[in-house]
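Written below as C-alpha cells is the structure these notes are about.
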Amino acid sequence: MQTISLKLVTIVSESVLTEQLVEAIKRLGATGYTLTEATGEGSRGMRFGEHPGENVRIETLVGPDVADRILDLLTADFFPNYAVAAWVVDVQVVRGGKYR
Amino acid sequence: MQTISLKLVTIVSESVLTEQLVEAIKRLGATGYTLTEATGEGSRGMRFGEHPGENVRIETLVGPDVADRILDLLTADFFPNYAVAAWVVDVQVVRGGKYR
Amino acid sequence: MQTISLKLVTIVSESVLTEQLVEAIKRLGATGYTLTEATGEGSRGMRFGEHPGENVRIETLVGPDVADRILDLLTADFFPNYAVAAWVVDVQVVRGGKYR
C-alpha cells in the first residue's frame, strides 16, 4: 500500500470555541476535520470542564505548511487567552491528495 | 520500560458503517478496537454529519501487515463509495504480543 | 513555528477506573489530560463495553520520563488485572514548557 506522510493536528479546547476554531483551520487550508466531545483538566491548572461535552477535541489532517499556520494562529490568538492545547503527529494516509 | 512499535490505525466514517468496518478489521487480523462518537466535515466536500454520534472514530492497534491490509480494503471497498478517512501512526506499546 | 517533541500517552480502560487512572498519572507528573467516552473490544478477548461511555479514553501530554513511569505503573498494577490498553506517540507541541 502506497502511503504519503501528512500532519494530524489535534486541538483540545473549551466547546464554546468550536465554531471559531473550525472556521480558523478551514481558512488556513484544512479541508476536513473530526470533532469529539471531551472533558479534562488543563496543564495550566485550569479546569477544562467536568462534564462530557464541555471540551472539544478537533482533529484535522493537513500538509506541513497548513499545520504550521494553525500552530502560529493558536500561539498568537488562542494560547494567551484560552485553555487550549494542541499537538501535531506525523501520520501516513492513502489518499493524500484529498487532505492537501 | 521495554516497548515495541506497532501501528495505530484510525478510521473516521459515517456511523452506519461501524459494524461493517469492525467486522472487516477483525477479519483482517485486528484483535481489539476503540469506538468514539464523532462529528465533522469530510475532505471531499461531503458533510460527515452535524450531530454527535453521526460519525464514528475507530482505532485499532495492529502490526504493520494488518495495517496494510486494512488500508488496502478501505481503498478498494470504502473510499470510492463512502465518506471515510483513515490514517496510520507509529506507536509504542508495552504489551505488544496482545496486539499482533 | 518552533516546536518541541513530547509524548502523547493514550490509555483506554473501563470507565470505572477513570478516577484511579487520572490520580495515578497526575501523581506521576502529568499536568493535564483529556477524557473521551468510548466503547470497544479488548485485545484479550475481553469485551470493553458495549455502550458509549462504558470505556474511557485518557490522553496526556508528558515528557519521556513521565511516559515511562506511566507505562511502568500500568504494567505493574493495571494490565494484570484490568482490560486496559495503552500506547505512546511522539508529538510536536508549541508550548512544551506547559506539559513538562
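In table form, for the structure just shown:
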| read-out | value |
| --- | --- |
| Separation in nanometres of the label points that stand 7 Å from Cα toward Cβ, at residue C:76 and residue A:75 | 3.8 |
| Simple spin-label estimate for residue C:5 and residue A:15 in nanometres, 7 Å along Cα-Cβ | 3.7 |
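Taken together, the values in this text are just the output of simple stated rules run on the coordinates, not laboratory data. Because the structure is predicted, anything quoted here is derived from the model rather than measured. When we count neighbours, we look across all protein chains shown, and the Cβ atoms used for this are built from the backbone with ideal geometry, even at glycine.
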